[in-house]
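Accompanying notes for the structure given below.
Read-outs: derived from the displayed coordinates by stated rules, not from any lab. Here the structure is a predicted model, which is why all the values come from computation and not from measurement. Neighbour counts are summed over all protein chains in view; Cβ atoms, including those assigned to glycine, are modelled from backbone coordinates with ideal geometry.
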Amino acid sequence: MGNSCGKKKMVTVLSIDGGGIRGIIPSVLLASLESKLQELDGPNARIADYFDVVAGTSTGGLIATMLTAPNKDNGRQPLYEAKDITKFYLEHSPKIFPQDSINTSKGPKYDGKYLRSLINKLLGDITLKQALTNLVLPTFDIKLLQPVIFSTNDAKVNDWRNAKLYDACIGTSAAPTLLPAHHFKTKGSDGKTHSFDLIDGGVAANNPTLIAISHVRMESFKQNAKFNDIEPMDNKRMLVLSLGTGIASMDAPKYDAVTANNWGMLD
């Protein structure tokens, strides 16, 4: 966990953007990175061993979770090796986003049933606080009209924040108009129930890098032992790897205010 720079410990952060099927791009990069780490440190080396914080939004949240959720057969190893995530996308994406789906004017384009069934089968009842390193998943609550950030550190302190990884993953990947919003409840140690009505975290932060950095700073302020030896504003002590999912084509249509003023309900 983390690397050393001189005598000072560095805090290592991995951030993975949202982008739907384009999540295959960071998955390929992570597979290459993990392969190199295994050459250096042995075949059991995993991405989660090298990052103090792993953050992901939408499809990036799914990748982050697969890299940090404990394997049911060996709780010290993650659910997936990085090389297997690319295979996951190639196998399941056509079923998550079927091309023969009917695009109606009411409801999301895809019903999300396959994705929910798949993620539920993979994660079961595993919760945030069981992640192998600190996992950070941004979502957006449409009832509260504000971002909701799920993290392993928060889950260890507040029971009501210890959501199932299944719920957090489905919430952060519920892209408006494409997949259904996700509602679920958690219960705190005081017995109170907390409700969440979530859509894609990309509404608030498609690139979760700043959220991950802010999380490290907050944990430092709170005297979290893991981040206790770093000053909250000491950016030189952070090593951040931020992976995107490509950029829009330069030939894609662009709009200006004049064009937008002519839009109607059916445009």
I'd like the distance separating the alpha-carbon centroids of the range 165-201 and the range 9-46, in whole Å. 26
So, with points 7 Å from each Cα along the Cβ direction, the Asp49-Met10 label distance in nm works out to 1.8
Reach of Lys222 by Cα under 21 Å, taken over lysines that are not fewer than 8 positions away in the same chain: Lys8, Lys9, Lys129, Lys156, Lys236
Estimated inter-spin distance, Lys185 and Lys222, nm [label 7 Å along Cα→Cβ]: 2.5
How much length is gained on full extension from Thr177 to Leu144, taking 0.36 nm per residue of separation minus their Cα-Cα distance? 10.0 nm
Students often forget the sequence filter, so: which lysines lie under 20 Å Cα-Cα from Lys109 once same-chain residues fewer than 8 apart are removed? Lys95
DSSP-defined beta bridges in the chain - what % are antiparallel, rounded to 5: 60
Pairing the Cα long axis of helix 82-96 with the longest principal axis of the chain, what angle in degrees results, from 0 to 90 and rounded to the nearest 10? 20
Pick the calculated Cα extents along the principal axes in Å for this structure from [x] 61, 47, 43; [y] 46, 45, 36; [z] 53, 38, 37? [x]
Working out 0.36 nm times the residue gap between Glu91 and Ser32, then minus their Cα-Cα distance, what length gain in nm do you get to one decimal? 19.3 nm
Pairing the Cα long axis of helix 209-221 with the longest principal axis of the chain, what angle in degrees results, from 0 to 90 and rounded to the nearest 10? 40
Summing -39500 (n - 2.57) over every DSSP H run of at least 4 residues in the chain and dividing by its residue count gives a helix-only mean residue ellipticity at 222 nm, to the nearest 500 deg cm²/dmol, of -9500 deg cm²/dmol
